[in-house]
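Every read-out reported here was derived from the displayed coordinates using simple, explicitly stated rules and does not represent laboratory data. No experiment lies behind these values; they were computed from the predicted model shown. Here the Cβ positions follow ideal geometry from the backbone for every residue, glycine too, while neighbour counts run over all protein chains shown.
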Amino acid sequence: MRAAIISVTLALLAAGCGSAIPRNRGTGPFNTQPSEIQGTLVEVRHYLETSAIGDDHTFCAYQSALAGAPTGIVTDDGRLVMLTGLPSRLAAYVTRTVRVTGELTGNGQLLVPSALRVQLGSRWIAAEL
C-alpha cells in the first residue's frame, strides 16, 4: 500500500502537478504547513525495494539521484517523506543526515523544500538545493 501511494505521488509529480501543491492551501490532502524534517537522505526506489540506506549504498544512491531518481528523507522513526525538486541537486548528500525546511503536505508524505542543512560531525552546514 505504501509503495502504491508513493507511485501515485511520483506519477503526479512527473505530470507537473508538483508545482500545484502550494496553490491548493486549505483543500484536501495537499494542504501544506511549514515544517522541518530531519533524517537520512535516501534514493527512494532502492530504499523501497531493498531498504538500502547508509554508507554501503552511497555510490549507488548518488548515481541514481544524479540520474534523476526521486529522493526522500527517512526519519528516525522510519517514516519516509518524499522531496520535490531536482534529485540531481541532492545527489551529493544522499545517505547523510539532513534537515530540510519547507512546506509539508497535510498527509505528511511530501515536502516542498526551501532550505537544506547537512550534518558534518557535530555541525550543521547550509547546502544548496
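Summary of values
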read-out: Counted charge near residue 96, where neighbours are those whose Cβ lies closer than 15 Å (Asp, Glu -1; Lys, Arg +1); value: -1
read-out: Packing-based ranking, highest mean first, of 50-63, 107-120 given that Cβ atoms within 10 Å are counted; value: 107-120, 50-63
read-out: Two-site label geometry, residue 49 and residue 79: point separation in nm, points 7 Å out along Cα→Cβ; value: 2.7
read-out: Gain upon complete extension [residue 125, residue 33; 0.36 nm per residue less C-alpha separation]; value: 30.7 nm
read-out: Length released on extending from residue 89 to residue 63, taking residue separation times 0.36 nm less the Cα-Cα span; value: 8.2 nm
